[in-house]
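Since the structure comes first, as structure tokens, the remarks are kept for the end.
Please treat every number below as a calculation from the coordinates, not as lab data. What you see is a predicted model; the values in this text were computed from it and never measured. Neighbour counts run over all protein chains shown; Cβ positions are idealised from the backbone, glycine included.
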Amino acid sequence: MGPVPRGLIIGLAVLGLGGCAATASPSSGAPTNGASPSAAPLDTPLPTIDPGATLAPSLPPHALDLSALGWQTVVPELDPTTQETIGHWLAVGTLNSEDPTWFEPLTEMAWRFDVFADQGPVVDGPTGGQVLYVSDDGVSSEVRVVDIHGTQSALIGTTDAVVFTARLSPDGQSAYVVLLERATGRDRGVFRVLVGGDGSFEQVIGPPTVDTAGAPAAIRLVAADRFVRTLRISADGSEVARLACGEPFGQCVFDLLEVADGSIARYNNPGGQSDLVAIGDSYVLGGWHCLPDENRCVTDGFGLARGMPEEMRGWPPALDAGGHLVMLQFPPPTVEARGFFITDLDGSNTRLVFASDFGVRPIFQEGADFEGTRMELPWGWVAVQLDRVLKNGQYQMIPAAVRLADGGWVRLTLPSLYPIGGGHD
């Protein structure tokens, strides 16, 4: 018998109910698509919009079928005496309800080997209406999927190795996993297992060269302070990228798989650090940092065509309606944003998407894989949080989905869950 979900889980998405915000539109003075051929400064004045005229979302509820879109979050289970994390539960649901359709404990066993990395739940999605998760009993790892409506989970593959990380393909038909030897922790490479297939694991990328003695200097990249194995898949599913970094003070290598023909290319350091956030449109996107003096944030990137590190204006990345990577532009975290811009990866074609008399900030979808609430939205939509202080002094937080084409928005319903145990039950 599981606990009753209630309260709050601290994560990447901060949740709330009700409220209002205002959107930019051509009538309110916001630039239209292609109106600005170059990057507009983030201190450009935003339109002042009467909040009394926008007490409800600007788009009707049917603008997005929220019952067909999902969320997932991993809830920690705490020791009631020490408050230490002793396990995790997976909660899955749809964006029209805060109540989980699936809420079950994850099977997790401690590694027998030592690598310089924290052990956490392996969960991905929702992607293609499914959430992937791994159950490990210390002898084998089961890779499973459950749909966002809470249908009984389906086993897609079992392996005697440890699944270190995993990703679902955008169509929900394949899972890509990094396997480590159970006894030693040595990397076996990247494998693909089909959802609804025969359960076999097919190697698609071999073990990384950081694990190979005497690797040529040409493929040695930056120094790393963690054991890193990161997978990313392009929005169209055509490319799978792996970033692998060795033990403390080791090296990083980046491999890119072309799914159609199975070819693998290796590139120099993507973005100058041991981070991999997104791939697509011949770019690799890594970490980000803000420049307070310039009132902007930038993303470390790597242009595959030029083979050189590049700095992209903005953070976080998003997908436009065609599935192409674009950058959102918010001021640095220390500055309250009243709106945001969108710009192409090269910094051109910047336009104002959303403006509000209240605060607005992104709901990050790619932090630690097992932290926060993650959701699936169609291409051309992004998740943000709208903030305002009510007359009674209370702080109101409203999760919303914003359409990049015109700044229209609908309210999202996200879970409100306490950690389990530790005095919360």
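Please give the contour-minus-distance gain from Trp379 to Phe113: 0.36 nm per residue of separation, less the Cα-Cα distance, rounded to one decimal in nm.
On the way: separation 266, 0.36 × 266 = 95.76 nm, distance 4.03 nm.
Extending this stretch completely gives an extra 91.7 nm.
Applying 1/(1 + (r/R0)^6) with R0 = 22 Å to the Cβ-Cβ distance of Arg306 and Ser238, what FRET efficiency is obtained, to the nearest 0.05? All intermediate terms of the calculation are to be shown ahead of the outcome.
Values: r = 20 Å, r/R0 = 0.91.
That gives a FRET efficiency of 0.65.
Mind ranking 377-385, 96-104, 296-304 by how tightly packed they are, going by the mean number of other C-beta atoms within 10 angstrom, highest first?
Values: 377-385: 19.9, 96-104: 17.0, 296-304: 21.7.
Highest to lowest by the protection proxy: 296-304, 377-385, 96-104.
Are there any GluC sites (Glu not before Pro) in segment 251-345 that are in a DSSP loop and have at most 13 other Cβ atoms within 10 Å? List them by number. All intermediate terms of the calculation are to be shown ahead of the outcome.
Numbers: sites: Glu258, Glu294, Glu310, Glu311, Glu336; in loops: Glu336.
Those that pass, being in a loop and sparsely packed, are Glu336.
If R₀ is 51 angstrom, what is the calculated FRET efficiency for the pair Ala265 and Glu84, using the beta carbon separation as r and rounding to 0.05?
Values: r = 43 Å, r/R0 = 0.85.
Efficiency computed from Cβ-Cβ geometry: 0.75.
Once R0 is set to 22 Å, what does the formula 1/(1 + (r/R0)^6) return for the Cβ-Cβ distance between Ala405 and His62, expressed as a FRET efficiency to the nearest 0.05?
Details: r = 17 Å, r/R0 = 0.76.
Once rounded, the FRET efficiency stands at 0.85.
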